[in-house]
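Peer 1: Input: one structure, supplied below.
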Amino acid sequence: MDHFLYRDGVLHAEDVPVAEIAAAVGTPFYLYSTATLERHYRLFDEALEGLDHLVCYAMKAASNQAILRTLARLGAGMDVVSGGEYLRAKAAGVPGSKIVFSGIGKTAHEMELALLGGIRQFNIESEPEMEVLSAVAVKLGKVAPITVRVNPDVDAKTHAKIATGKSENKFGIPISRAQSVYAHAGSLPGLEVIGIDVHIGSQLTDLEPFRQAYRKVSDLTEALRAEGHDIRRLDLGGGLGIPYAQTNEAPPLPSAYGAMIREELGHLGCEIEIEPGRLIAGNAGIMVSKVIYVKSGEGRDFLILDGAMNDLIRPAMYDAWHDIVPLVQPAAGVAQRPYDIVGPVCESGDTFAKQRMMPPLNAGDLVAFRSAGAYGAVMSSEYNTRPMIPEVMVNGHEFAVIRARPSFDEMINRDTIPEWL
Ligand code: LLP
């Protein structure tokens with residue numbers, strides 16, 4: 001559920017007509033709903049009620065500090081995957097004690113940042129990484145709390161580019177080798193082994209792969225405890241999917257996910273962490289864009305928008321579907337027609353949808369891409385020297401620009417011409 005609804009025939013974000021925001025900030029732009037972000041965080045928090053738990057928002061999904069602070073105010077922790085994300089979370093006011101550091105390629109410098117600034121735990125992904133972290137911690141006179149990310153070799157049944165839990169993926173250590181890797185970790189002076197981490201992929205629409213992975217984690221917890229490791233925290237990753245097409249997909253709800261966690265892992269008495277990104281931010285954001293031209297091609301019509309693949313890359317990269325709706329609700333019974341919906345970037349991949357049935361649209365009309373809050377703004381670029389589009393947040397009747405559109409001068413002046421030119 002989200003808070004982008006038609007009221008009196010015009011799309012609103014909470015209590016604000018989206019077209020009003022478009023008039024104030026210009027198109028294209030991203031727009032987030034505070035109420036939706038808060039609702040989604042609470043769904044997870046409530047799903048784990050009764051278990052000692054922390055919901056660590058995977059901020060890679062949408063990392064604007066206004067989003068982070070909205071969630072942190074409710075008690076959320078953060079899952080970060082780079083030194084930049086770590087510092088951004090801190091800048092948003094998240095204490096280090098609620099930040100977990102994931103990722104397969106943490107550098108010594110990033111480890112140092114987090115050890116000095118405070119960190120809940122590092123999720124370690126390889127033995128070389130473990131050795132570097134131990135050395136950095138010893139140098140700083142610290143002890144780094146760690147989990148090891150295990151790869152349970154489970155098929156997440158999601159898009160190949162976002163599946164992470166099969167043995168051929170680059171993530172984690174094979175679960176079959178976990179005992180020897182934990183023994184190694186336990187022998188390193190700068191580390192304190194506190195738990196196990198697992199994340200099998202993103203946009204999962206079925207609980208079964210999670211269940212299989214968590215069963216393996218449960219068995220491993222018992223095996224490691226028997227070997228003397230004090231396994232007291234389980235980080236279960238993110239990955240629960242969202243409905244992209246409002247019509248026909250119904251991924252499991254956080255409450256069902258929480259119940260399954262309780263069933264599979266509740267008896268272990270561990271603190272539970274989860275790292276949801278998409279489910280918190282995805283349907284809490286839309287991208288608003290304007291029709292620049294309607295062009296008739298050979299047997300097809302193109303809607304050429306002012307938004308492009310550099311602003312929202314998911315359709316080009318993952319063949320992702322985003323519902324695209326006009327800001328003015330079409331009259332009941334209006335005949336729909338197929339359009340290819342494209343951006344202005346100079347490649348055919350800059351296509352958001354092919355032969356999408358839409359009500360008739362004209363130049364100047366505004367449309368919203370739904371479910372664009374996660375992996376939208378954060379994956380945007382300045383390809384074709386197009387400015388990164390602004391981010392705006394709504395809260396009830398008010399709205400604020402939370403990242404401004406750069407001017408062309410700001411973008412161009414970032415280049416420096418070497419002296420010899
Ligand atoms: N934890 C770890 C270790 C992750 O790698 C990820 C996502 C998450 C948590 C959050 O997963 P979520 O709850 O958002 O599914 N750009 C792609 C998605 C990449 C996901 C990467 N890892 C997309 O647009 O679909």
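Bear in mind these aren't lab numbers, they're just calculated from the coordinates by the rules spelled out. None of these values were measured; they are calculated from a predicted model. All Cβ positions, glycine included, derive from the backbone under ideal geometry; neighbour counts span all protein chains shown.
Peer 1: Take Ala284 and decide whether it is in contact (Cβ under 8 Å) with a residue 60 or more places away in the chain, touching a helix residue (DSSP H, G or I) at 6+ places or on another chain (Cβ under 8 Å) and within 16 Å of the ligand (Cβ to nearest atom).
Peer 2: So Ala284 passes the test.
Peer 1: Please go through the stretch 65-84 and give me each residue that is within 16 Å of the ligand (Cβ to nearest atom) and touching a strand residue (DSSP E or B) at 6+ places or on another chain (Cβ under 8 Å), ordered by number.
Peer 2: Hits for the stretch 65-84 are Ile67, Leu68, Leu71, Ala76, Gly77, Met78, Asp79, Val80, Val81.
Peer 1: Counting residues that are in contact (Cβ under 8 Å) with a residue 40 or more places away in the chain and of a type in the set (A, V, I, L, M), which strands (runs of 3 or more DSSP E) fully inside the stretch 303-421 reach at least 3?
Peer 2: Numbers: elements: 324-326, 337-342, 351-358, 366-369, 391-395, 398-403.
Per the criteria, 366-369, 391-395, 398-403.
Peer 1: Just to verify a result, which residue in the stretch 209-247, among those that are closer than 26 Å to Asp2 by Cα and away from the ligand (no atom under 16 Å from the Cβ), is surrounded by the most Cβ atoms within 10 Å (Cβ to Cβ)? Let's see the steps before the verdict.
Peer 2: First pass over the stretch 209-247, keeping only residues closer than 26 Å to Asp2 by Cα: 210, 236-247.
This time we only want the ones that are away from the ligand (no atom under 16 Å from the Cβ), so: 246-247.
Details: Gln246: 12, Thr247: 7.
So the residue we want is Gln246.
Peer 1: Also, I was wondering about something else. Filter the strands (runs of 3 or more DSSP E) completely within the stretch 86-154 down to those with at least 2 residues that are in contact with a Leu (Cβ under 6 Å, 6 or more places away or on another chain).
Peer 2: Working: elements: 99-101, 121-124, 144-151.
Strands (runs of 3 or more DSSP E) meeting the threshold: 144-151.
Peer 1: Which one of Glu46, Glu20 is surrounded by fewer than 21 Cβ atoms within 10 Å (Cβ to Cβ), more than 18 Å from Ala284 (Cα to Cα) and either of a type in the set (Lys, Arg) or free of Cβ contacts under 8 Å to residues at least 24 places away in the same chain (or both)? Please lay out each step first, then the result.
Peer 2: Values: Glu46 fails: either of a type in the set (Lys, Arg) or free of Cβ contacts under 8 Å to residues at least 24 places away in the same chain (or both).
Only one candidate qualifies: Glu20.
Peer 1: May I pose another question? Tally the residues that are surrounded by 22 or more Cβ atoms within 10 Å (Cβ to Cβ) and among the small types (Gly, Ala, Ser), restricting the search to the stretch 135-152.
Peer 2: So the count comes out to 2.
Peer 1: Of all residues in the stretch 308-347, which are more than 16 Å from the ligand (Cβ to nearest atom) and under 17 Å from Arg386 (Cα atoms)?
Peer 2: Taking the stretch 308-347 as the starting set, the residues that turn out to be more than 16 Å from the ligand (Cβ to nearest atom) are 308, 324-347.
Matches in the stretch 308-347: Ala308, Val342, Gly343, Pro344, Val345, Cys346, Glu347.
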